[in-house]
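I have placed the structure first, in the form of structure tokens, so that the comments after it can refer back to it.
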Amino acid sequence: MHRRKAFVTGVSGQDGAYLAQFLLNKDYEVHGLVRWDSCMGKSDELARFEALGLDISRVHLHFGDLIDAQNITALIKEIQPEEIYNLAAMSQVAVSFDTPASAIEINTKGVLAVLEAVRLLDMEERVRIYQASSSEMFGSAAAPQNEETPMHPCSPYGAAKLAAYWLVKTYRDSYGIHASNGILFNHESPVRGEDFVTRKITRAVVEIEKGRCELLMLGNLDSVRDWGHARDYVAGMWAMLQQNQPGDYVLATGEAKTVREFVTRAFSHIGVRIGWRGCGIDEVGFDKKTGRTLVQVDPALFRPKDVNYLLGDASKAKAVLGWQPECYFDDLISEMMNADRQEYYNCKQNRQEDTAAFLWANRA
Ligand code: NAP
């Protein structure tokens, strides 16, 4: 029987790992693009596969780089996928202010490389493309945001993603390519990168619990986000490519929470009730029982321009794709906290305690 082939760029990332797992469960032949240094040495990002219990030998890995158009064309020609999921990106909004040219190079020109490859290889009618668009494209637009909301990105990341979004629409309309934009609101998981605020919080709370860290330092506590679970969102990506017609879809939970609420909930998981006092950069979070300060604001962690309020309306995805999330805010945080506590415990079990702390602090 014919096994459908999918090519996933960014397969070593959070969504890539969940998507690979999802597609393998559907008996796809999964091909993944990895940068050579993603799976070398101690920064072994493919550890995410292991964390999800995924046998890496089941994924066909191809070395490459999204910014190398010839490389992407050659791989698509060789693999002949029926579905391409373009997840690779410079995905850190804050970092995009420091490296805006990289954001454009990877997040915009990289998408162009995929679209042009499909066109130049005359694969328009044989392949379907998913583009990882982002709620950051909405930027300062009024909430709740849906597919009709005008977009006002507030970062190089958001602007680069918006240009890519329009390239996808343009190639769809001009060449009849089945290319869809998934406009995804924030989605997290136990394998979320540690440089993202949610994982930074859950890890720090575990370290504070274990006495390895004194304080959690954060930027804008008032930022409102709509946080879902990556596992639910990859199912939505797949559903978009199973439609007869391509389209653009918001995926979101419809629940708005502040960073402050995320912190409060994460601490409650270890039995600490957090109180808040002060405001702006002087605000602190403290243990209501002991009075000890556990959270402080660091102005250096503010973005030059922040997106204050992202809340998605995924009605279209629900109506057309039959998609809706299964995991919401509280369960998401519980799962992340449990995983980080377990990881800490595993480190401790396997080695002497000092070694464990060293590894915890320095792990990839
Ligand atoms: P992630 O964990 O940061 O993964 C990004 C992946 O892209 C990594 O595997 C990275 O590989 C790869 N990559 C970066 N530059 C590349 C290049 N030049 N060539 C090839 N691969 C490259 O991000 P994620 O959370 O899985 O997100 C997946 C996609 O969805 C991204 O496009 C992101 O912008 C978008 N998105 C995410 C969210 C969210 O909340 N998670 C929301 C909306 C949209 P290395 O390991 O080599 O760095």
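Per the helix-only calculation at 222 nm, which mean residue ellipticity applies to the chain, given -39500 (n - 2.57) for every DSSP H run of n ≥ 4 and division by its residues, nearest 500 deg cm²/dmol?
Details: 12 runs with 137 residues, N = 364.
Mean residue ellipticity, 222 nm, calculated: -11500 deg cm²/dmol.
Projected onto the charge dipole of region 1-116 (+1 at Lys/Arg Cβ, -1 at Asp/Glu Cβ, origin at the Cα centre), which of Tyr18, Ala103, Ala113 gives the Cα projection farthest towards the positive end?
Going by the charge dipole, the pick is Tyr18.
When the Karplus curve 6.51 cos²θ - 1.76 cosθ + 1.60 is applied with θ = phi - 60°, which whole-Hz ³J(HN,Hα) does each residue of region 62-78 get, with x for Gly and Pro?
With the stated coefficients, region 62-78 comes to 10, 6, x, 8, 4, 7, 9, 4, 5, 4, 5, 4, 4, 5, 5, 5, 5 Hz.
Of the DSSP beta bridges with both residues in the chain, give the percent that are antiparallel, rounding to the nearest 5. Spell out each step's value before the answer.
On the way: 9 of 46 bridges.
Around 20 percent of the beta bridges assigned by DSSP in the chain are antiparallel ones.
With +1 on the Cβ of every Lys and Arg and -1 on the Cβ of every Asp and Glu, and nothing else charged, how large is the dipole of the chain about its Cα centre, in debye rounded to the nearest 20?
Charge dipole of the chain: 440 debye, to the nearest 20.
Please pull out the direction-averaged projected area of region 209-315, using the convex hull of its alpha-carbon atoms, in nm² to one decimal place.
Numbers: hull surface 36.2 nm².
Hull-based average projected area comes out at 9.0 nm².
Would you please give the residues with an amide H less than 5 Å from that of Glu29, counting only those at least 5 places away or on a separate chain, with H modeled from the backbone geometry?
The list, which skips near neighbours in sequence, is Arg4, Lys5, Ala6.
Two-decimal Rg/Rh of the chain from alpha-carbon positions, Kirkwood Rh?
Numbers: Rg = 20.6 Å, Rh = 21.2 Å.
Taking Rg over the Kirkwood Rh, I get 0.97.
Provide the per residue accessible area, probe 1.4 Å, for the chain, rounded to a whole number of square angstrom.
On the way: 16150 Å² over 364 residues.
Accessible surface, normalised per residue, equals 44 Å².
If the chain between His60 and Ser102 were fully stretched, how many nm would it gain, using 0.36 nm times the residue separation less the Cα-Cα distance? Walk me through the numbers on the way to the answer.
On the way: separation 42, 0.36 × 42 = 15.12 nm, distance 2.68 nm.
Additional length available on full extension: 12.4 nm.
What ranking, highest mean first, results for peptides 258-265, 8-15, 68-75 when packing means the other Cβ atoms within 10 Å averaged over each residue?
Working: 258-265: 19.8, 8-15: 26.6, 68-75: 17.1.
Descending packing order for the listed peptides: 8-15, 258-265, 68-75.
What ranking of Thr253, Thr202, Thr290, Thr99 comes out by heavy-atom accessible area, probe 1.4 Å, highest first?
Numbers: Thr253 20, Thr202 0, Thr290 95, Thr99 50 Å².
Most to least solvent-accessible, the answer reads Thr290, Thr99, Thr253, Thr202.
If the chain between Thr290 and Glu116 were fully stretched, how many nm would it gain, using 0.36 nm times the residue separation less the Cα-Cα distance? Walk me through the numbers before you get to the answer.
Values: separation 174, 0.36 × 174 = 62.64 nm, distance 6.01 nm.
Between Thr290 and Glu116, full extension yields 56.6 nm more.
Cβ neighbours within 10 Å, averaged per peptide: list 322-330, 85-93, 270-278 in order, most packed at the top.
Values: 322-330: 16.1, 85-93: 24.1, 270-278: 13.4.
Listed from highest to lowest mean packing, they are 85-93, 322-330, 270-278.
What trypsin sites (Lys or Arg not before Pro) in region 99-130 are in a loop by DSSP, with at most 13 other Cβ atoms within 10 Å of the Cβ? If you can, show how the numbers build up before the last one.
Numbers: sites: Lys109, Arg119, Arg126, Arg128; in loops: Arg126.
For trypsin sites (Lys or Arg not before Pro) across region 99-130 that sit outside H, G, I, E and B with at most 13 neighbouring Cβ atoms in 10 Å, the list reads Arg126.
Only four residue types carry charge here, +1 at the Cβ of Lys and Arg and -1 at the Cβ of Asp and Glu. Report the dipole size of region 176-218 about the Cα centre in Debye, rounded to the nearest 20. Write down the numbers at each step before the final one.
Numbers: 6 positive and 6 negative charges, 12 e Å.
In total the dipole reaches around 60 debye.
In debye, nearest 20: dipole of region 230-296 around its Cα centre with unit charges on the Cβ of K, R (+) and D, E (-)?
Working: 9 positive and 7 negative charges, 96 e Å.
Roughly 460 debye, rounded to the nearest 20.
The values are calculated or read from the model by the stated rules, or taken from the named source; none is laboratory data. All figures in this text were calculated on a predicted structure; none of them were measured in a lab. Neighbour counts are summed over all protein chains in view; Cβ atoms, including those assigned to glycine, are modelled from backbone coordinates with ideal geometry. Note: accessible area is taken over every heavy atom of the protein model, side chains too, but ligands, DNA and RNA are not part of it. Shrake-Rupley method; radii C 1.70, N 1.55, O 1.52, S 1.80 Å.
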